[in-house]
Amino acid sequence: MNTYDILIMYLVAGLLASVALSVLAIRAKVIRRGAMPQSVMVGTLVTLSGFPSVLLFILFLAYTTLVTRLGKERKVKLGVADDVEGRKANQVVAVGFTPAVMAMASSIMYAVGLTEASGVFLASYVASLAAASADTWASEIGVLSRGRPILFTMPRARVSPGTSGAVTPLGELSSLAGSASVALTYLALTRVFNTSPLWVKFNWGSLNPSIQLVLLIIALGYVGEVMDSVIGALTQPKYYCDRCGVVTEHEVHTCGERTRLIYDPRVKLSNEAVNLLESLIAAVLAIVITLSFSRLLT
């Protein structure tokens, strides 16, 4: 079986498997019913890159779903438990678009014989997942912090938990842990599938995960999360609740008080757009760095 046959096989199998897994994800409240088309699209593109890529993506979803459900009662009280019911369609695209495109690009490069280019895109696939994981862990665990969140653009202001651009020490440590969870899982899966037949691992043989590469992926995941906080702080409106004396991103604070606008950026981005940009930054940085230091690929 040549590489083109394997690619076609994965395309067909990926479409069927993505439909089945999306149904299970809806029942498990990982995604919402309206997000099924986007979920199938992302899953199919990721599947093109081989079984290990699919397994890494599934484990990434499992990790992020678990941290999303941590402290559910406190998150409901704070008014930041929206993701507990599953990701919406735009959230699925924001989290999955970049990894899906990088996985597809890696598989195509491998199929046409460009092994080194395949390894570069595979590294960017893992890095974009690490960035998405870092952001989710920082947000979902950081919001439970007892410490005061700090906003990059207003470091002295009291900030409501869950505000875009706000960070806490707990959140930053969780970000590193989230990034490491993907990088180390990638390392473990590569070791497991190292001796597998080509049709199983497909393009995964194009990238040898050295310790330097694993550390790079962890760093890029964390950098992506930091960029998410900075971009979120600069591109999303901020409001002030006079009753609670805190900065928030909601026109009506969780206390029920209508807030007043105190920061109105010229360029406005939704939280989903910021998430998409974050993973794209991590992926592009992975491409640039691995191309500049090709020894990271071997």
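All of the numbers you see were taken from the coordinates with simple rules; none came from a lab. Not measured: the values here are computed from a predicted model. Neighbour counts run over all protein chains shown; Cβ positions are idealised from the backbone, glycine included.
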Item to complete: Quick one: which residues, 5+ away or cross-chain, put their amide H under 5 Å from the amide H of Ile262? H built at 1.01 Å from N.
Response: Lys238, Tyr239, Tyr240
Worksheet item: Using helices alone, what [θ] at 222 nm do you get for the chain, with -39,500 (n - 2.57) per DSSP H run of 4 or more residues, divided over all residues and rounded to the nearest 500?
Response: -21500 deg cm²/dmol
Worksheet item: Any idea what the alpha-carbon Rg over 2.2 N^0.38 Å comes to for segment 125-189?
Response: 1.22
Discussion item. Under the rule of at least 5 residues apart or a separate chain, name every residue whose amide H is placed under 5 Å from the amide H of Val159.
Written reply: Val247
Practice prompt. For every other residue with a beta carbon closer than 13 angstrom to the beta carbon of Leu129, add +1 if it is Lys or Arg and -1 if Asp or Glu, then tell me the sum.
Written response: -3
Worksheet item: Counting Lys and Arg as +1 and Asp and Glu as -1, what is the net charge of the other residues whose Cβ lies under 10 Å from the Cβ of Ala89?
Response: +3
Practice prompt. Could you tell me whether the chain comes out rounded, prolate or oblate from its Cα gyration tensor? Rule is a ≥ b ≥ c as square roots of the eigenvalues, rounded for a/c under 1.5, then prolate if a/b exceeds b/c, otherwise oblate.
Written response: prolate
Practice prompt. Would you tally the net charge around Val247, using a Cβ to Cβ cut-off of less than 10 Å, leaving Val247 out, and scoring K and R as +1, D and E as -1?
Written response: +1
Worksheet item: Quick one: which of 266-275, 216-225 comes out on top by average Cβ neighbours within 10 Å, and what's the full order, highest first?
Response: 216-225, 266-275
Response to the item:
The set of residues whose placed amide H lies less than 5 Å from the amide H of Ser145, leaving out same-chain residues fewer than 5 positions away, is none
Practice prompt. Provide the packing ranking of 120-129, 153-162, i.e. peptides ordered by the mean count of other C-beta atoms within 10 Å per residue, highest first.
Written response: 120-129, 153-162
Worksheet item: For a label point 7 angstrom out from the Cα of Lys72 toward its Cβ, which stretches of segment 119-149 have the backbone nitrogen within less than 17 Å?
Response: 140-141, 144
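For the peptides 63-76, 44-57, what is the packing order when you average, over each peptide's residues, the other Cβ atoms within 10 Å and list the highest mean first?
44-57, 63-76
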